[in-house]
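> The structure that follows is given in the form of structure tokens.
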Amino acid sequence: MRSSDGKKEEKNLENGKKKINFFLVFLIAWLIVITGFIAWFLLRFNDFAAGYEAKYQESLPYHTAEEITGHFNDHDIDYIWNNMNNKPSVTKFEDESAVKEYIASLIAGKSFIYSESENSREDAPEYNIKTEDGLVVACAKLAEDDSKKLPYGFKAWRESSLEFYTAASFAANINVPETYKVFVNGIELESSDLSGEIIPSELTQYVEPYAVIPGTASYRVTGLFKKPAVTAVDFRGDECEMIYDEATDTYSADFVKEFDEYEELSEFAISFASTFANYISQDAGKYALDKYFPSGSKALSYIKRNSSRDLYTTHGNVSIHNEEIKDCIVFSEDVVYMEVYVEQWMEMYWGADEPEVLPTDAHVYFVKIDGKWLVGGIQY
């Protein structure tokens with residue numbers, strides 16, 4: 001039989017086992033809870049960190065610069081124009097469509113990238129927009145967008161200004177007779193567009209004191225975004241040809257060469273040249289030229305004082321052939337220049353089989369006085 005002491009020992013051992021089992025259960029349960037909490041915390045922190053990083057990246061200003069550059073790569077002219085804070089000024093000869101065409105020509109067929117400019121600041125980001133080969137065409141400045149609230153106090157950005165680098169590099173230099181009207185892109189030039197004083201014509205000396213040959217007016221138009229369309233009308237209001245000299249970048253217009261009275265004046269000019277030739281050879285009377293000149297003409301007096309007429313070789317019959325108007329310049333309704341050519345065939349006394357051919361090439365300025373054409377002067 002067991003003693004009473006033995007029974008007590010067995011009882012104590014059983015009680016001890018019960019206490020040890022309870023502690024272990026509690027300890028294991030506590031560790032599980034702590035481990036689960038740590039795992040949950042780490043998962044939540046990881047989600048938080050990932051979300052924080054994602055929102056931070058989304059808030060960086062280069063995304064806005066990327067969107068702006070996208071419009072350049074899409075060749076969105078309207079976007080560029082509408083977002084330019086300081087649009088380039090245009091002259092009276094162009095409108096905004098000319099600038100838009102200029103911008104379109106600069107970005108056509110090109111791809112663009114962006115880079116942070118040297119003037120960029122953390123609170124005021126600034127980006128250059130440039131071609132892939134490095135040509136900067138625009139600058140975009142950003143500012144904080146107060147209308148948008150981002151998590152974690154991050155800033156949202158918006159475009160505050162867009163500057164597109166433009167240069168009005170086209171100009172027009174124009175030289176025309178002062179009596180002509182000139183138009184650039186359909187807009188008539190005014191005296192304020194003159195580049196200097198009107199230069200008088202040296203040819204006026206051949207028609208004084210009866211008329212004045214128009215001088216040359218020089219115009220200069222600058223600040224154009226595209227090559228201009230330059231036109232002109234003459235003193236009669238008829239459109240005339242504009243000649244462009246690429247070497248000097250100059251447009252010019254010559255005097256016209258046709259007019260309604262061409263046939264009438266040509267006949268008169270040939271008659272004068274023929275009479276003039278015969279007068280010099282003493283085959284026309286002393287007063288044969290008077291009807292062609294105004295009363296008191298100095299040009300006529302110079303011809304009559306020509307002593308070579310008195311020394312002209314004696315000869316037989318003369319006749320006029322091969323009459324031709326080689327050139328005609330219409331300076332105004334009352335002043336016309338003609339180069340008149342005639343040949344005087346002269347029989348010589350020494351018995352030559354063929355007549356002597358004497359050409360006369362006269363450079364004559366005609367003036368209309370009281371509705372009648374007369375010789376104003378001769379250019380020798």
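Any read-out appearing in this document is the output of simple, stated calculations on the displayed coordinates, not a laboratory observation. Source: prediction; values computed, not measured. Neighbour counts are summed over all protein chains in view; Cβ atoms, including those assigned to glycine, are modelled from backbone coordinates with ideal geometry.
> Please report, in debye to the nearest 20, how large the charge dipole of the chain is about its Cα centre when each Lys and Arg carries +1 at its beta carbon and each Asp and Glu carries -1 there.
Dipole of the chain, to the nearest 20 debye: 3900 debye.
> Tell me, what is the percent relative contact order of the stretch 61-170, built from C-alpha pairs under 8 Å that lie six or more residues apart?
Values: 147 pairs, mean separation 28.2, N = 110.
Over the stretch 61-170, the number comes to 26 percent.
> Oh, and also: Rounded to the nearest angstrom and ordered from largest down, what semi-axes does the equivalent ellipsoid of the stretch 136-215 get from its C-alpha gyration tensor (root of 5λ)?
Each semi-axis is the square root of five times an eigenvalue, giving 62, 11, 8 Å.
> Still on this structure: Looking at the stretch 173-245 from every direction and averaging, what is the projected area of its Cα convex hull in nm²? Could you put the intermediate results ahead of the total?
On the way: hull surface 23.1 nm².
That works out to 5.8 nm².
> What 222 nm value per residue comes from the helices of the chain, counting each DSSP H run with n ≥ 4 as -39,500 (n - 2.57) and dividing by all residues, nearest 500 deg cm²/dmol?
Values: 6 runs with 113 residues, N = 380.
Dividing the helical sum by the residues of the chain leaves -10000 deg cm²/dmol.
> Between THR250 and ARG121, what FRET efficiency follows from the Cβ-Cβ distance if R0 is 51 Å, with the result rounded to 0.05?
Once the sixth-power term is evaluated, E becomes 0.55.
> Something else now. Rg over Rh of the chain, using C-alpha atoms and the Kirkwood radius, what does it come to?
Radius of gyration relative to Kirkwood radius: 1.61.
> Decide, for the stretch 266-317, between rounded, prolate and oblate: order the square roots of the alpha carbon gyration tensor eigenvalues as a ≥ b ≥ c, take rounded if a/c falls under 1.5, and otherwise choose prolate if a/b is larger than b/c, else oblate.
oblate
> Give the Cα extents of the stretch 260-380 along the principal axes, in whole Å, largest first.
In descending order, the Cα extents are 49, 28, 20 Å.
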